[in-house]
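See structure below.
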Amino acid sequence: MTGQRDDPPEWNSPEAEVLRRVPGGPVLVRGPVRITTDDGRVVVADRFVVAVCRCLRSSIHPLCDTSHRALAPRWRDAGG
């Protein structure tokens, strides 16, 4: 047994464990998780910690690529 789930929970469901909301950055969630985008695309992330983008600038959205670091400090300080 690998400890991995066959059908991971949706990242924002009660079954998923939010580890941290990075101020001005992503939401860190214990993986693996499933992310369903607004257009219906499903992304399964099997990492042990998954960074979910909140700034909407990531080139690998819905996953974070640290693009939020280039945003104005005012946005980052507000929590995104």
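No value in this document is a laboratory result; all are computed from the given coordinates. Note that the coordinates shown come from a computational prediction; the quantities given were computed from them, not determined experimentally. Here the Cβ is made from the backbone with ideal geometry for all residues, glycine too, and neighbour counts use every protein chain on show.
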Q) For region 1-63, with only Lys/Arg (+1) and Asp/Glu (-1) charged at the beta-carbon, what is the dipole magnitude about the Cα centre, in debye rounded to 20? A) 360 debye
Q) What is the calculated FRET efficiency for T36 to L71, with r their C-beta to C-beta distance and R₀ = 22 Å, to the nearest 0.05? A) 0.30
Q. Gain in length, L19 to S59, computed as 0.36 nm per residue apart minus the alpha-carbon separation, to one decimal in nm?
A. 12.1 nm
